[in-house]
Every structure is written in C-alpha cells, then in structure tokens.
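Any read-out appearing in this document is the output of simple, stated calculations on the displayed coordinates, not a laboratory observation. Remember, it's a predicted structure, so these values are computed and weren't measured experimentally. Methodologically, a virtual Cβ is constructed for each residue, glycine included, from the backbone with ideal geometry; neighbour enumeration extends over all protein chains shown.
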Amino acid sequence: MKPEVFTPLGSGGPAMSVSARVSRRNFIKGIIATGATVASGSMLGTLTGCSGETASTAGIAGTVERLITLNVNGKARRVDVLPQETLAMTLRYKLGLTGTKLGCDRGECGACTILIDDIPTYACSTLSHGVRGRQVTTIEGLQTANGDLHPVQQAFVAELGPQCGYCTPGQVMSAVGLLKANPSPTREEARRAMSGNLCRCGAYDNYLNSVMRAARMS
Ligand code: FES
Ligand code: FES
C-alpha cells in the first residue's frame, strides 16, 4: 500500500510522507514542548498579578483598593484594610488604638462607640472602607495636646462613673457626641442618648450623673 502523501499548505515544497514527518517521538516531543510553554505562560501571568497587584487590579471592576487613608483623631493614617473589615478591627489591630473596646462585636453593647463626624457610632458594625473622607474620633483623640483629660472624662472621674471600666470608653464617646449636639440636655434626654451603651457593672446612675456634670461644666 502506498504511503499517504502530505503537502504543507502554501509551501510549494516537495511532498513528504506523514510517517516521515510525524514520528511518534516527534509527536511526544511536541506535546511536552507545548505543555511547558503553557505552564510558563500561566506562571508568568500569576507572578505579574502578584508583584503588580495594585497596578494590574486597581482598574478591574469589582476589586477594592486595600491601602486606604483614614482620618483618625485629626491625622491621616495609611492602612491596609480588607474589604469586609470593621472599623473596630482596623482601629484596634492595625492602628493600635485599643481604647475602642470590643464587647459583643454585633451592635448590641456600645463598648466600641466612636464618633464619625461627631455622631456616636458602633465601630464593630461599620466597615472601614465606608469611613474614607470622614472624621473618625476615638477615646485616644479626646485628651488635649498637653495630656489633660477631656472635660467629659474629668466629669466621669469626679462622679466615679467607671467601675470595671470596660464600657467606659464607649460611654464617654456617647456622652461627648450628645453634648456636641445638645450641650444642655435634660436628664431624660441624656438617659436616652446613653441607652445604647450597656454596663455590666450597672453603673448607669454614675454615668448619668457624669453626663449632667459635664453639661454643667461646659
Ligand atoms: S462591640 Fe460594638 S456594639 Fe458591642
Ligand atoms: S463599668 Fe464595668 S461594664 Fe461598665
């Protein structure tokens, strides 16, 4: 039987037999070479993606820039933040501002209260990416430049507000937020404003007395 004849398209060259051009050895060599090329290509893509993540992914729809700037206590802070990260986590574990406490971590106790644009807010229920361009104030940002306590903190000390103290930063931040919005609250208004802050030591009257003292001082 005559061997099948193969003529490369457009080559115009002499015809050759398939059995001569495509031996089993050449075929296997070709497969190996193709696999190596694909592997190196995908590896190159992966490495490029890793080393140039900001440049290559910044413009891709659906990606979120992780290195962001937050305004915390009057300072611009650059920080690497995951898309799903809460402000409480960022403040405590990325920026070292551990005065913001975590109690329930689900918006029930108020231990994590901070101010966002002077409004008391639960940091455990706020995404860090959502406060870009806003003014964040924590308990660390209340004391004056020379280290004096904020008048509200002084009032809390005078009225023996803190017992174990765990809820105190949140209580103070809620009181500061209240007095910024309403410098002369009635006791009932203060009670309502502080109702989002639980105290397992039950020092509610002490805290309320503290808020009313701070209002008289300001
Ligand atoms: S820790 Fe945020 S409300 Fe309890
Ligand atoms: S002072 Fe202890 S929880 Fe409030």
Within straight-line cross-link reach of residue 94, aspartates and glutamates at Cα separation under 12 Å, skipping those fewer than 8 residues along the same chain
80, 85
Sort largest first and round to whole Å: the equivalent ellipsoid semi-axes of the stretch 151-217, each the square root of five times a Cα gyration tensor eigenvalue.
17, 12, 10
Whether the stretch 90-197 is rounded, prolate or oblate, judged on the alpha carbon gyration tensor where a/c under 1.5 counts as rounded
rounded
Amide H neighbours of residue 135 under 5 Å, at least 5 residues apart or on other chains, H built in the peptide plane: list them.
117
Enclosed volume per residue, in Å³, of the convex hull spanned by Cα atoms of the stretch 67-138:
72
Among the trypsin sites (Lys or Arg not before Pro) in the stretch 98-195, which ones are in a DSSP loop with at most 11 other Cβ atoms within 10 Å of the Cβ? Mind listing them?
106
Amide hydrogen neighbours beyond the local backbone of residue 126, cut-off 5 Å, H modeled
87, 88
